[in-house]
Structure formats: structure tokens, C-alpha cells
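The values are calculated or read from the model by the stated rules, or taken from the named source; none is laboratory data. Everything numeric here is computed off the predicted structure, so don't read it as measured data. All Cβ positions, even for glycine, are placed from backbone atoms using ideal geometry, and neighbour counts span all protein chains on display. Side chains included, ligands, DNA and RNA excluded: accessible areas come from the protein's heavy atoms. Shrake-Rupley method; radii C 1.70, N 1.55, O 1.52, S 1.80 Å.
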Amino acid sequence: QIDPVSGMVINLTDLKEYMQEAIMEPLDHKNLDKDVPYFAEVVSTTENVAVFIWENLKRLLPMGTLYKVKVYETDQNIVIYKGEETISE
């Protein structure tokens with residue numbers, strides 16, 4: 001939902017802080033396979049990096065705010081992740 005007063009979905013200063021905590025601190029200038037515990041058991045593909053970022057951002061952002069994560073490995077290799085759908089029976 002867009003806030004009628006601010007005109008934003010989320011305050012950009014808050015988003016920057018969330019991204020710093022969820023993405024930059026654990027991943028920036030790191031050897032994913034050696035320095036990031038998550039990738040000790042998960043292959044460090046671009047797809048799995050997108051899942052890692054999704055999971056970290058989802059726990060920080062207000063519920064329902066996160067729509068997708070887009071990771072560019074190269075100009076030709078881009079991964080878009082929108083979370084796992086849960087189907088109840």
C-alpha cells in the first residue's frame with residue numbers, strides 16, 4: 001500500500017538500512033563459500049544468492065512489502081525471485 005501522506009511504500013532511508021543489514025553486511029567483499037555460513041550447505045549460485053537476499057530482507061521489511069529480488073550476475077544473466085508459494089490443501 002502506498003502511504004497517502006508520504007506517497008511511498010516504504011521510507012527510502014529505512015530501506016537503505018534494511019539493505020545494508022540484509023545484503024551488504026553479510027555478502028559485500030566476502031568469499032560466499034568460505035565467509036557466509038548459509039553457503040556452507042547451499043551452492044552459491046546466483047539463484048541461491050537471490051533466495052538468501054529474499055530471506056534476509058523478508059525478516060526485516062514490514063510484512064507484505066517485499067515483492068521480488070532481482071540479482072544481476074551479468075547483463076545477460078539475471079535472476080528474479082519472488083519467494084516460495086505455499087499451497088494449503
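Taking the full set of protein chains and a 1.4 angstrom probe, give the accessible area of Y67 in square angstrom, rounded to the nearest 10.
140 Å²
Please report the relative contact order for the range 12-81, taking Cα pairs under 8 Å with a sequence separation of at least 6, and give it as a percent rounded to a whole number.
In percent, rounded to a whole number, it is 28.
Just to confirm the filter: which GluC sites (Glu not before Pro) across the range 1-84 are DSSP coil and have at most 11 other Cβ within 10 angstrom of their Cβ?
For GluC sites (Glu not before Pro) across the range 1-84 that sit outside H, G, I, E and B with at most 11 neighbouring Cβ atoms in 10 Å, the list reads E41, E84.
At a 1.4 Å probe radius, carbon and sulfur cover how many percent of the accessible area of the chain?
51 percent
With equal scatterers on the alpha carbons only and no solvent term, can you work out the Debye log10 of I(q)/I(0) for the chain at 0.10, 0.17, 0.20, 0.21 1/Å?
So the normalised log intensities are -0.31, -0.82, -1.05, -1.12.
Heavy-atom accessible area of I2 with all protein chains present, probe 1.4 Å, nearest 10 Å²?
Answer for I2: close to 110 Å² accessible.
What value, in deg cm²/dmol to 500, does the helix sum -39500 (n - 2.57) over DSSP H runs of n ≥ 4 give at 222 nm once divided by the residues of the chain?
Computed mean residue ellipticity for the chain: -8500 deg cm²/dmol.
Given +1 on the Cβ of Lys and Arg, -1 on the Cβ of Asp and Glu, and no further charges, what dipole in debye does the chain carry about its Cα centre, rounded to the nearest 20?
About 180 debye.
Mind giving me the nanometre distance, one decimal, between the label points for T65 and N77, set 7 Å out from Cα along Cα→Cβ?
Spacing of the two 7 Å Cα→Cβ label points: 3.1 nm.
Return, ordered by residue number, the residues of the range 59-74 whose backbone nitrogen is under 19 Å from a label point located 7 Å along Cα→Cβ of T13.
61-62
Return one whole number: the accessible area per residue of the chain in Å², for a 1.4 Å probe.
Per residue, the chain has an accessible area of 79 Å².
If you line up the long axis of helix 46-60 against the longest principal axis of the chain, both from Cα atoms, how many degrees apart are they, to the nearest 10?
It works out to around 40 degrees.
Give me the one-decimal nm value for the distance between modelled label points at V36 and E55, 7 Å along each residue's Cα-to-Cβ direction.
Each label point is offset 7 Å from its Cα along the Cβ direction, giving 1.1 nm.
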